[in-house]
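First up is the structure itself, then whatever we jot down about it.
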Amino acid sequence: MNIEDRYLEINRDSWNTRTEAHINSDFYNLDAFLKGKSSLKDIELNLLGDLTGKSILHLQCHFGQDSISLSRLGADVVGVDLSNVAIEQAQKFAEQLNVPVQFICCDVYDLPDHLDRQFDIVFTSYGTIGWLPDLDRWANIISKFLKPGGTFVFVEFHPVIWMFDSAFKKIEYRYFNSGAIIETEKGSYADKEAEFEVKSIGWNHGLAEVIGSLMQNGLEINSFEEFDYSPYNNFNNSTEFEPGKFRIAHLGDKIPMIYALSVIKTDVVQ
């Protein structure tokens with residue numbers, strides 16, 4: 001079997017290994033979260049709007065901080081993630097905080113086998129689609145689970161970011177999807193000193209691929225914006241130029257780091 005064919009197993013193991021370190025990291029600031037601090041950033045909050053009474057499907061939710069934050073804002077939330085360790089932790093936090101979020105452990109593509117309902121909003125953010133080989137299938141899943149007239153809110157690291165090596169010193173990868181990228185990493189973005197090594201398999205997806213996949217599945221772009229900073233300090237050689245805003249120190253504001261879009265479901269796609 002080609003190693004790419006084992007991407008689900010390899011990536012699940014990777015995220016299972018990372019989860020405990022992430023929970024204990026300063027990056028995720030669990031203590032403040034448990035005391036009521038939202039994990040959501042202004043970029044996505046501006047697109048999500050008033051969530052009172054809204055139903056939300058949160059894809060690739062990790063250990064549930066954003067899902068629980070969405071529920072705290074009045075939404076009826078279902079969170080989905082591939083990692084069984086992360087989902088187990090998410091369920092524990094939801095119970096601890098008495099927040100009624102449903103969590104499902106499965107691959108995004110397999111979600112129709114685990115869930116049969118439609119939502120006002122589908123949401124996913126920051127480092128999600130790079131784990132998925134086929135964006136047409138991804139967009140079809142989004143369309144399937146959105147109510148007619150429903151909204152997909154998506155915030156993601158800009159594909160230009162993924163062209164660089166880890167030190168942002170040189171261009172190492174193609175902007176366009178050229179097949180699987182197999183990497184081995186020591187530590188993790190949330191804890192670079194963590195004493196483990198993980199293998200991962202990912203794919204680069206350019207903006208045309210993302211937008212084209214959505215449009216081909218009955219989804220109409222409502223808004224699109226690019227940002228010259230990241231709200232997370234998760235890249236090497238970064239600096240905080242304003243509170244909660246980070247750039248690669250030697251690149252400054254020269255490159256896009258985040259993009260955000262909202263999409264309306266206009267047609268029924270089977």
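The values are calculated or read from the model by the stated rules, or taken from the named source; none is laboratory data. Remember, predicted model here, so these are calculated numbers, not experimental data. Glycine also receives a Cβ, built like all others from the backbone with ideal geometry; neighbour counts cover every protein chain displayed. Heads up: the accessible areas ignore ligands, DNA and RNA and are worked out on the full protein's heavy atoms, side chains in. Shrake-Rupley method; radii C 1.70, N 1.55, O 1.52, S 1.80 Å.
In deg cm²/dmol, rounded to 500, what helix-only [θ] at 222 nm does the chain give when every DSSP H run of at least 4 residues adds -39500 (n - 2.57) and the total is split over its residues?
-8000 deg cm²/dmol
Please list, in chain and number order, the residues 5+ apart from L146 or on another chain whose amide H is under 5 Å from its amide H, with Hs placed from the backbone.
F119
Show me, for the stretch 42-57, the HN-Hα J-couplings you get by feeding each phi into the Karplus relation (A = 6.51, B = -1.76, C = 1.60, θ = phi - 60°), rounded to Hz, glycine and proline as x.
Per-residue couplings from phi come out as 4, 4, 6, 4, 5, 7, 6, x, 6, 9, 4, x, 7, 9, 10, 9 Hz.
What percent does the relative contact order of the stretch 1-136 come to when contacts are Cα pairs within less than 8 Å and at least six residues apart?
Computed value for the stretch 1-136: 23 percent relative contact order.
From the Cα gyration tensor of the stretch 1-66, with a ≥ b ≥ c the square roots of its eigenvalues, which class applies: rounded if a/c is under 1.5, or else prolate if a/b is larger than b/c, or else oblate?
Oblate, because a/c is 1.5 or more while a/b does not exceed b/c.
Taking a cut-off of 16 Å between Cα atoms, list the lysines near K199, but don't count ones fewer than 8 places away on the same chain.
Counting by Cα, and skipping residues close in sequence, K199 has these lysines nearby: K186.
Can you give me the accessible area per residue for the stretch 23-179, using a 1.4 Å probe, in Å²?
Averaged over the residues of the stretch 23-179, the accessible area is 42 Å².
Using the Cα gyration tensor of the stretch 38-97, with a ≥ b ≥ c the square roots of its eigenvalues, what is the shape: rounded (a/c below 1.5), prolate (a/b larger than b/c) or oblate (neither)?
Here the stretch 38-97 falls in the prolate category.
Gaussian network model of the chain, Cα springs within a sub-10 Å range: biggest mean-square fluctuation belongs to which of Q102, Q118, Q216?
Q216
Let's test this: bin the Cα-Cα distances of the chain at 5 Å from zero up to the farthest pair and state each bin's percent.
Pair shares across the bins are 1, 6, 12, 17, 20, 19, 15, 8, 2, 0.
Got a sec? Which residues in the stretch 68-110 would a label at E20 touch, if it sits 7 Å along Cα→Cβ and we count backbone N under 14 Å?
Under cut-off, by backbone N: 85-86, 89.
Kirkwood Rh, the stretch 90-234, all Cα pairs: how many Å?
In the stretch 90-234 this quantity evaluates to 17.5 Å.
Only residues of the stretch 8-33 count here: report those whose backbone N is under 17 Å from the spot 7 Å along Cα→Cβ of Y173, or say none.
In the stretch 8-33, the label zone of Y173 (backbone N under 17 Å from the point 7 Å along Cα→Cβ) covers 8, 10-12, 14-15.
Provide the per-residue ³J(HN,Hα) series for the stretch 196-204, in order, calculated from phi with Karplus coefficients 6.51, -1.76, 1.60 and θ = phi - 60°, each as a whole number of Hz, with x at glycine and proline positions.
8, 10, 10, 9, 9, 10, x, 9, 7
Take every Cα pair under 8 Å in the stretch 165-270 that's 6+ residues apart, average their separations, divide by the length, and report that relative contact order as a whole percent.
Reported as a whole number, the value is 25 percent.
Which whole-number percentage describes the relative contact order of the chain, with Cα contacts under 8 Å and a sequence gap of 6 or more?
Relative contact order, the chain: 19 percent.
Leaving out same-chain residues fewer than 8 places away, which lysines sit with a Cα under 29 Å from that of K35?
K54, K92, K192, K245
Pick out which of T52, T124, T19 has the largest mean-square fluctuation in a Gaussian network model of the chain, springs linking Cα atoms closer than 10 Å.
Residue with maximal mean-square fluctuation among T52, T124, T19: T52.
Each label point is 7 Å from the Cα along the Cα-to-Cβ direction; what then is the distance between the points at L251 and D116, in nm?
Taking the two extended label points, one gets 4.6 nm.
Restricting to bridges with both residues inside the chain, how much of the DSSP beta-bridge set is antiparallel, in percent to the nearest 5?
60
What is the dipole size for the stretch 184-270, taken about its Cα centre, with +1 at each Lys and Arg Cβ and -1 at each Asp and Glu Cβ, in debye to the nearest 20?
It works out to roughly 100 debye.
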